[in-house]
Amino acid sequence: MLVAAGVLEARRISPPDAEQVVTAFAFDGELRGEDPAAAQIDDALRAQVRERLRVPPGIVWGRFLLRWGLLAVVVAALVVAGLRVHERATTTDAGADLAAAVALPGDDCVLVCLLKSDQDCEPCQVLESVARRVVRTEFPTAHAAGRLAFAVVPYQRPRFRALRERYRLVALAMLVVVRVADGEQVAETVIADSTATVIDTDPEALARDLRAAIAAGLEAE
C-alpha cells in the first residue's frame, strides 16, 4: 500500500552471497543500484516520519472535532443570549389596565375584552362567539367609527402578569367591557367568566348583558 502510494520504494535485489532474491524497501531515493549496502539513508526525512507516527490519527481527528465543538458551543451561546435579549424586549409588562394592553381604535372608545388562557374550552368559545357577534352586528356604526372594538388578551403570557393579578384570574376566560376616555381606562364592567358560563350557558342572556354594558359605555362618552 505504501509502495502504491509512492511513500516507499520497493526493489528486488539478489545480493552476491544470497541464495534467493529479496525485496528491499526504503523511502524514495534511498536505494541506489542492486547493492543494498549502497543505499543512502535520509536521516532528516526518517526523523520527520518518526515524529509524525508518534501522534495517533485519532488524536489528529480529536483535535479537529474539539475545535469545531468549541466553535459550536460559542455559536450556541451567542444564539441563546440573543433570544434572551429578544424575550426581555418583548415581555415588558403591559400594565394593569386593559386600555394599555391592547391597541385602541381611538382615545375615546369602548373595549370588549376577552381575557383568555392558552387552554380553550367550550364556555370560552361561547364567550368569544357572543362577544364578536354583538360588537360587529349589533353596533356596526360604532364599530366602523372606531368607537367600539373587540380584543382577545392572552393573559397567560408574561407581559400580562399585572392583568392576571388585577383580575385574579382563575377561570379560563373572562369577558370585560372597558370605557376609555382620553386614552385612559375610566370604567369597567365584568360581564362573565368561563366558570359562570358553565352554570348559565344561555348565549342570549349573555348577549343581553353585554349589549347593555356596551350601550352604557357608548352613551357615557
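Scan the stretch 109-131 for residues that are crowded, with 16+ Cβ neighbours inside 10 Å and of a type outside the set (A, V, I, L, M) and jot them down. Even if it seems obvious, please write down each step before you answer.
Here is the first cut: in the stretch 109-131, the ones crowded, with 16+ Cβ neighbours inside 10 Å are 109-117, 121, 123-124, 126-128, 130-131.
Answer for the stretch 109-131, where residues must be crowded, with 16+ Cβ neighbours inside 10 Å and of a type outside the set (A, V, I, L, M): CYS109, CYS113, LYS116, SER117, CYS121, PRO123, CYS124, GLU128.
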Item to check | Neighbours by Cβ (under 6 Å, 6+ apart or cross-chain): first from the stretch 149-168, under 14 Å from SER194 (Cβ atoms); second assigned to a helix (DSSP H, G or I) and open to solvent by 30 Å² or more (accessible area, probe 1.4 Å) | outcome: TYR155/ARG164
Checklist entry - Cβ-Cβ below 8 Å, separation at least six or inter-chain, first residue in the stretch 104-122 and in contact (Cβ under 8 Å) with a residue 12 or more places away in the chain, second of a type in the set (Phe, Trp, Tyr) and part of a loop (DSSP other than H, G, I, E, B): which pairs? => result LEU115/TYR155; LYS116/TYR155; SER117/TYR155
Item to check | Those residues of the stretch 145-172 which are open to solvent by less than 60 Å² (accessible area, probe 1.4 Å), in a helix (DSSP H, G or I) and not hydrophobic (A, V, I, L, M, F, W, C), in sequence order | outcome: TYR167
Checklist outcome for this item: Only unsatisfied item for SER194, checking (1) within 23 Å of GLU221 (Cβ to Cβ); (2) modelled with pLDDT under 90; (3) in contact with a Pro (Cβ under 6 Å, 6 or more places away or on another chain), is (1)
Next on the checklist: Being part of a helix (DSSP H, G or I), in contact (Cβ under 8 Å) with a residue 40 or more places away in the chain, more than 22 Å from GLY95 (Cβ to Cβ) and touching a strand residue (DSSP E or B) at 6+ places or on another chain (Cβ under 7 Å) is true for just one of ALA192, ALA142. Which residue is that?
Outcome noted: ALA142
Checklist entry - What is the one condition in (1) part of a helix (DSSP H, G or I); (2) open to solvent by 20 Å² or more (accessible area, probe 1.4 Å) that VAL134 does not satisfy? => result (2)
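The values are calculated or read from the model by the stated rules, or taken from the named source; none is laboratory data. All values derive from a computational prediction rather than experimental measurement. Here Cβ is always computed from backbone atoms with ideal geometry, including for glycine, and neighbour counts include all displayed protein chains. When the accessible area is computed, the model is the full protein with side chains, heavy atoms only, and any ligands, DNA or RNA have been set aside. Shrake-Rupley method; radii C 1.70, N 1.55, O 1.52, S 1.80 Å.
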